[in-house]
């Protein structure tokens, strides 16, 4: 019987370790609002891989749905994070709708260390209103979108 308790203890320790590692790497994201319709709906729950400083490179995030932290001056409706699609990364031409909203020159590019984000729905609060999002504000990449 002692052997069974030892095996159970090892299994429980392994499960605890796996859960701990998953918690450090994954986050559950709850979508609020319709700005990502039709890909994501209000109240959808999704898993996101956490982004750690310097990884992945911004180039790999192009067209990915990301979670980012809002800066104090960007906050609205008491939201602290948003979920949007990366429309352009550093060095890319600024998407036309962002360029027009921010009154930028036609040849403008996304600044170093930043991305431009857009919601899938036309009435989204995104880079047209918030400006460019710094790499340090990015906290996760949503999976399954």
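Bear in mind these aren't lab numbers, they're just calculated from the coordinates by the rules spelled out. Only a predicted model underlies this, so the values are computations on that prediction, with no experimental measurement involved. Ideal geometry is used to build each Cβ from the backbone, glycine not excepted, and the neighbour counts take in all protein chains shown.
Placing dummy labels 7 Å off each Cα toward the beta-carbon, the span from residue 44 to residue 121 is 1.1 nm. Relative contact order of segment 80-145: 31 percent, from C-alpha pairs under 8 Å at least 6 residues apart in sequence.
Run the numbers on segment 26-142 and let me know its relative contact order in percent, using alpha-carbon pairs under 8 Å that are six or more apart.
Details: 239 pairs, mean separation 36.4, N = 117.
Answer for segment 26-142 is 31 percent.
How would you rank 66, 28, going from fewest to most other Cβ atoms within 10 Å of each one's own Cβ? The partial results should precede the final answer.
Numbers: 66 22, 28 9.
Exposure proxy ranking, most exposed first: 28, 66.
Which FRET efficiency, nearest 0.05, do residue 30 and residue 134 yield, Cβ-Cβ r, R0 35 Å?
On the way: r = 23 Å, r/R0 = 0.67.
Efficiency for this residue pair is about 0.90.
Counting beta carbons within 10 Å around each of 141, 86 and listing the fewest first gives the order 141, 86. Working from label points 7 Å from Cα in the Cα-to-Cβ sense, the residue 69 to residue 104 distance is 2.4 nm.
Once fully extended, how much extra length lies between residue 62 and residue 97, figured as 0.36 nm per residue of separation less the alpha-carbon to alpha-carbon distance? Walk me through the intermediate numbers first.
On the way: separation 35, 0.36 × 35 = 12.60 nm, distance 1.67 nm.
Roughly 10.9 nm would be gained on extension.
Per-peptide packing, taken as the mean over residues of other Cβ atoms within 10 Å, places 119-126, 96-103 in the sequence 119-126, 96-103 from highest down.
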